[in-house]
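Visitor: Input: one structure, supplied below.
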Amino acid sequence: MQLPNDRPETYLSALPEKIQKNTDLVLCVLPNNRKDRYDALKKYMCLDNPVPSQMVLAKTISKKNQLMSVATKIGIQLNAKLGGEIWGVTIPSKTLMVIGMDSYHDSKRKGASVGAFVASTNVTCTRFYSRVIYNRTAQELMDGLQQCMRDSLKEYHRVNNTLPEKIVLYRDGVSDGQLAIVAEHELPQIIDTFPKIMPGYQPKLAVVIVKKKGNARFFAKMGSTSMVNPPPGTIIDHTVTNAEWYDFYLISQCARQGTVAPTHYNIIWDRTNFKVDHMQRLTFKLTHLYYNWPGTIRVPAVCQYAHKLAFLVGQSLHQDFNPELADRLFYL
């Protein structure tokens, strides 16, 4: 469908004619990256008429020598937004739920933060259920966190006809000074949610703080004089770690240029009975499952999905999305 101009209102007037109840996805080819138009389109398809959507710049698909590569990347993204499991890794624990949490300050609503909550819903941790929490106060965050946990567990039960026996929550966006808030406020709220789902239900929970900012850098020795970046999967869990914490550094991504930055993981609560190397291997495996990149990324995929969702809501939607989209990666 071709439009006479690129004004946001032109798109918004045309979309209702084309989006039907059985529409699976909308692909928009845009002449430029005007934010007001992007925001208007995303609001319409994430709030008013819930359907996964993909925005593509015309210049992106105009390079003939790169067309196949671009088409493949877009195809993978579309597949993921429709619920496809593009690739996976072996997860030994078959009753495990992994959760990613991140936050973003809303660009228009002063004092408001968006907390994104993304939970896996299948045994391979390749399908996800997403919610957001809008909060100005600690109490709003606590109430919203319990609701996200309840909704995610109900969705997991709907998919698997059972509840997860183990839950690993990766909490991003927390500084060292905020660890007490997570341990003393967020953690009790999460634990308090479990028996409300089913009397006596008490899964084995681990809470892991994910920290990307830091000055630590590591090198691998090559030969007698050369120093290179360590390969993806490198773990550092002694000497430079905190003697009072259960923590480790993981280098999961590949840096083609410059010095690779490790990610620091601090496990502040753990009742899973995972061995130390099992927790480390699980974390590394989860960095393979981000469907916007054909390789490993710096954090577990659920953290990156939570970041993408919080950014979309805080930058473009400025309110909660339609729950009909919760079981799809519409924000990818």
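Visitor: Looking at Tyr129, Ala243, Leu187, which one has the Cα that reaches farthest to the positive end of the dipole of region 96-325 (charges on Cβ: Lys, Arg +1; Asp, Glu -1)?
Guide: So the residue furthest toward the plus end is Tyr129.
Visitor: Does anything in region 258-300 have its amide N under 19 Å from the 7 Å Cα→Cβ label point of Val228, and if so which residues?
Guide: Of the residues in region 258-300, 258-262, 296 have backbone N under 19 Å from the label point off Val228.
Visitor: In deg cm²/dmol and to the nearest 500, what is the mean residue ellipticity at 222 nm of the chain if only DSSP H runs of at least 4 residues count, each as -39500 (n - 2.57), divided by the residue total? Provide the component values of the computation, followed by the final result.
Guide: Details: 7 runs with 92 residues, N = 332.
Result for the chain: -9000 deg cm²/dmol, rounded to the nearest 500.
Visitor: Another question about this same structure. Go ahead and run the numbers for FRET between Thr72 and Arg256, Cβ-Cβ distance against an R0 of 25 Å, rounding to 0.05. Walk me through the numbers on the way to the answer.
Guide: Values: r = 20 Å, r/R0 = 0.80.
Using R0 = 25 Å, I get an efficiency of 0.80.
Visitor: Sort region 181-332 into rounded, prolate or oblate with this rule: let a ≥ b ≥ c be the square roots of the eigenvalues of the Cα gyration tensor; rounded if a/c is under 1.5, and if a/c is not under 1.5, prolate when a/b is larger than b/c, oblate otherwise. Write down the numbers at each step before the final one.
Guide: Values: a/c = 2.30, a/b = 1.37, b/c = 1.67.
Since a/c reaches 1.5 but b/c is at least a/b, the shape of region 181-332 is classed as oblate.
Visitor: Just subtract the alpha-carbon distance of Gln146 and Asp176 from 0.36 nm times their residue separation and send over the number in nm, one decimal.
Guide: The Gln146-Asp176 span can extend by a further 8.5 nm.
Visitor: Still on this structure, I have one more. Please work out the C-alpha center-to-center distance from region 66-134 to region 141-165 and express it in whole Å.
Guide: The distance from the Cα centre of region 66-134 to that of region 141-165 comes to 16 Å.
Visitor: How large is the dipole of region 170-312 about the Cα centre if only Lys and Arg carry +1 and Asp and Glu carry -1, each at its Cβ, rounded to the nearest 20 debye? Each step should come with its number before you reach the end.
Guide: Details: 15 positive and 10 negative charges, 112 e Å.
Using only the charged Cβ atoms, the result is roughly 540 debye.
Visitor: Another question, if that's okay. What are the lysines whose alpha-carbon lies under 29 Å from the alpha-carbon of Lys43, with same-chain residues fewer than 8 places away excluded?
Guide: Candidates past the 8-residue exclusion: Lys18, Lys21, Lys35, Lys59, Lys73, Lys81, Lys108, Lys110, Lys154, Lys308.
Visitor: Please compute the volume of the convex hull spanned by the alpha-carbon atoms of the chain and report it per residue in Å³. Please report the intermediate quantities before stating the final value.
Guide: Values: hull volume 54.0 nm³, N = 332.
For the chain, the hull spanned by Cα atoms encloses 163 Å³ per residue.
Visitor: Nearest 0.05, what FRET efficiency do Tyr201 and Ala243 give at R0 = 30 Å with Cβ-Cβ as r? Mind dumping the intermediate values first?
Guide: Values: r = 35 Å, r/R0 = 1.18.
With R0 = 30 Å, the Cβ-Cβ based efficiency is 0.25.
Visitor: Specify the residue with the greatest mean-square fluctuation among Leu309, Leu15, Leu286, computed from a Gaussian network of the chain linking alpha-carbon atoms under 10 Å apart.
Guide: Looking only at Leu309, Leu15, Leu286, the largest GNM fluctuation is found for Leu15.
Visitor: Quick one: plug the Kirkwood hydrodynamic radius of region 8-81 (C-alpha pairs) into Stokes-Einstein at 4 °C, 1.567 mPa s, and report D in µm²/s.
Guide: Values: Rh = 13.3 Å.
It diffuses with D of about 98 µm²/s by this estimate.
Visitor: Of the listed peptides 169-178, 204-213, 191-200, what is their order by residue-averaged count of other C-beta atoms within 10 Å, with the highest listed first? Could you put the intermediate results ahead of the total?
Guide: Working: 169-178: 17.5, 204-213: 19.2, 191-200: 12.5.
Output ranking for 169-178, 204-213, 191-200: 204-213, 169-178, 191-200.
Visitor: I'd like the antiparallel share, as a percent to the nearest 5, of DSSP beta bridges with both residues in the chain. If you can, show how the numbers build up before the last one.
Guide: Details: 31 of 48 bridges.
Within the chain, antiparallel bridges account for around 65 percent of the total.
Visitor: Build a GNM of the chain with springs between Cα atoms under 10 Å: which of Lys166, Lys64, Lys42 gets the top mean-square fluctuation?
Guide: Per the Cα network of the chain with a 10 Å cutoff, Lys64 tops the list.
Every read-out reported here was derived from the displayed coordinates using simple, explicitly stated rules and does not represent laboratory data. None of the values given here were measured: they were computed from a predicted structure. Every residue, glycine as well, gets a Cβ built from its backbone with ideal geometry; the counts of neighbours run over all protein chains shown.
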